[in-house]
Amino acid sequence: FCQSLLQTVFPPELRFAFVKLFNKIFHWFSSYYYFDITEIDGVNTNELYNAVQLYLSSTVSISGSRLSLTRALNSSAITFGLSNNDCMVDAFNGVTVLWEHVVTQRQSQTFSWRPLPEEKRGFTLRIKKKDKYLILNSYLDFIMDKANEIRRKNQDRLLYTNSRGGSLDSRGHPWESVPFKHPSTFDTLAMDPKVKKEIMNDLKDFANGQAFYQKTGRAWKRGYLLYGPPGTGKSSMIAAMANFLGYDIYDLELTEVHTNSELRKLLMKTSSKSIIVIEDIDCSINLTNRKKNNGGGGGASARTYYDSMEMRGGGGGVSVPGEEGGGGNSITLSGLLNFTDGLWSCCGSERIFVFTTNHIEKLDPALLRSGRMDMHIFMSHCSYPALKILLKNYLGYEEGDLDEEIGKEFEGVLEKAGMTPADVSEVLIKNRRDKGNAVRELLEALKARAEKNNAGGGSREKVNGGHDLEEEEEEEEQEKRALESPKEEGCDFVEDSCKKGDEKDPKEDNEIIEK
Ligand SMILES: Nc1ncnc2c1ncn2[C@@H]1O[C@H](COP(=O)(O)OP(=O)(O)OP(=O)(O)O)[C@@H](O)[C@H]1O
Ligand SMILES: [Mg+2]
């Protein structure tokens, strides 16, 4: 109405001046401040607009009767927000504010590099003048935090990879991401329930431990080392951890990282509330050159670790030229340890490092020292408690459903068979339409495997603990080396200090060692 009145009463050249004056007078007498948060700021998307939208969607005191419902791409939840030109009241620290969602038609398409939407959308925040200094900054910070939290809850996890090597995307990010849809959870994970519970509690304590880490002066991070034979659920465990905590996963491909400083950059670009994973750490980089340095002697590894620190020039993180010749991979163990442990590892917070390996005995002791990897978790061959979980998940067997006799048979044969949960689930999937048959077939398969292990005596697989025979290890090692790009002789600091004699006792079941 005001606009049409203005149009009829004033000539166009006076109209603008009058509106300006009117606004000035209005604001002079008004007891409120108004803040406009537009959807698009110039040509950039305004992050605050999206945050406010999400934040308001979580607030229940909606005064308007019409809400707009949205479901973002890859999101698993529906959010609601203010409809066009609707208002709502919110309170923060005892101060009441009013939000209005303002939608107007864009007058004419001005020139821009990318097409702008037809509508101009924005939120207007109204705060009493006397309250402005009380809350404005803290309120906006609160909204940003809350929005991030909601986004994380609504959206499926993200899985990041650095498979592109050192190259950056258009926004300068070294990580590529895809929605992380792995369905593995702690419920579906077959392992000793006691150990499982312990890990879950540990994760929960970690996630809720901000005050504790602050109080004790520790960086808010935790390291887990998962070890065990292939197919025992190490990767599934990582997915379960991410799903349990709602964290994103950064799957770090060490072979794609060329220098320590590149590794540091990758770390700096990870967000908090994330799990940083290095799979098969024993097959990565320098550790594969270990065999060539056999003469070094057992006690040398610690020294060589510090040697490598010196080589780096006191924390510069620059790889030594010519170290690996030909511009190959020149990450050093110290670079990796700095990554998990050093000052840079706390450039974000609430982060979990997970390393996996099939051969813990091949790892450098520097990696295993206390305080580095807080928990060592052994993923074992399928035990009876683990089998019960698989039977429940795949066939719907509840506790007590399984015939007692058959249960005992399973218990007797499982240990000797040394089958992995992956092997067991394979048999169960194949026969999942016929429960009885599935159990029978599994029992037969287990018996056959146990017999084979018995008859073989020195067969390729040892039953307990999953340590393969040396030839197999050697073979595997060769294979892994072949997969790597051909390299010159590498850093000499990583020694085969874990001699065969030092091998850990093979354990029968999942085991946890807290450091
Ligand atoms: N403990 C387990 N509980 C449930 N499923 C399992 C378990 N272990 C293995 N599986 C099944 O076997 C498959 C392979 O497991 P997974 O990839 O987690 O093994 P892994 O230990 O990471 O093996 P690798 O050392 O070869 O990487 C998974 O798809 C999963 O369904
Ligand atoms: Mg794996």
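The values are calculated or read from the model by the stated rules, or taken from the named source; none is laboratory data. Just so it is clear, the structure is predicted and the values come from calculations on it, not from any experiment. Note that we place each Cβ from the backbone using ideal geometry, even for glycine, and neighbour counts take in every protein chain shown. Each accessible area value is taken on the protein alone, full model and side chains, heavy atoms only, with ligands, DNA and RNA left out. Shrake-Rupley method; radii C 1.70, N 1.55, O 1.52, S 1.80 Å.
Exactly one of (1) over 34 Å from the mean Cα position of the chain (by Cα); (2) open to solvent by less than 80 Å² (accessible area, probe 1.4 Å); (3) at pLDDT below 75 is unmet by T59. Its number?
Here T59 clears every test but (1).
Considering only residues that are modelled with pLDDT of 80 or more and among the charged types (D, E, K, R), which ones fall in the stretch 121-146?
R121, R126, K128, K129, K130, D131, D141, D145, K146
Of the numbered conditions (1) modelled with pLDDT of 65 or more; (2) open to solvent by 30 Å² or more (accessible area, probe 1.4 Å); (3) of a type in the set (A, V, I, L, M, F, W, C); (4) within 37 Å of the chain's Cα centre (by Cα), A51 satisfies every one except a single condition; which is it?
Answer for A51: the failing condition is (2).
Does S334 satisfy the criteria of being crowded, with 18+ Cβ neighbours inside 10 Å, more than 16 Å from ligand 2 (Cβ to nearest atom), of a type in the set (S, T, Y) and within 26 Å of P193 (Cβ to Cβ)? Spell out the reasoning first.
On the way: crowded, with 18+ Cβ neighbours inside 10 Å: yes; more than 16 Å from ligand 2 (Cβ to nearest atom): yes; of a type in the set (S, T, Y): yes; within 26 Å of P193 (Cβ to Cβ): no.
So S334 fails the test.
Looking at the stretch 230-255, which of the residues that are open to solvent by 10 Å² or more (accessible area, probe 1.4 Å), part of a loop (DSSP other than H, G, I, E, B) and within 13 Å of ligand 1 (Cβ to nearest atom) is nearest to S271 (Cα to Cα)?
G233
Residue under question is S163, and the condition is that it be part of a helix (DSSP H, G or I) and small (G, A, S); does it hold? Write out each step before concluding.
Details: part of a helix (DSSP H, G or I): no; small (G, A, S): yes.
Judged against the criteria, S163 is not a match.
Here are some conditions: (1) in the same structural domain as A240 (by TED's automatic domain parsing); (2) within 16 Å of ligand 1 (Cβ to nearest atom); (3) open to solvent by 10 Å² or more (accessible area, probe 1.4 Å). T357 meets all but one. Which one does it not meet?
Single failed check for T357: (3).
Somewhere in the stretch 181-203, is a residue away from ligand 1 (no atom under 16 Å from the Cβ) and over 30 Å from I331 (Cβ atoms)? Reasoning before the result, please.
Within the stretch 181-203, the subset away from ligand 1 (no atom under 16 Å from the Cβ) is 201-203.
Add one more test, that the residue is over 30 Å from I331 (Cβ atoms), and what stays is 201.
Yes, some residue in the stretch 181-203 is away from ligand 1 (no atom under 16 Å from the Cβ) and over 30 Å from I331 (Cβ atoms).
Quick one: is R222 surrounded by 20 or more Cβ atoms within 10 Å (Cβ to Cβ), touching a Phe, Trp or Tyr at 6+ places or on another chain (Cβ under 9 Å) and in contact (Cβ under 8 Å) with a residue 24 or more places away in the chain?
Answer is yes for this residue.
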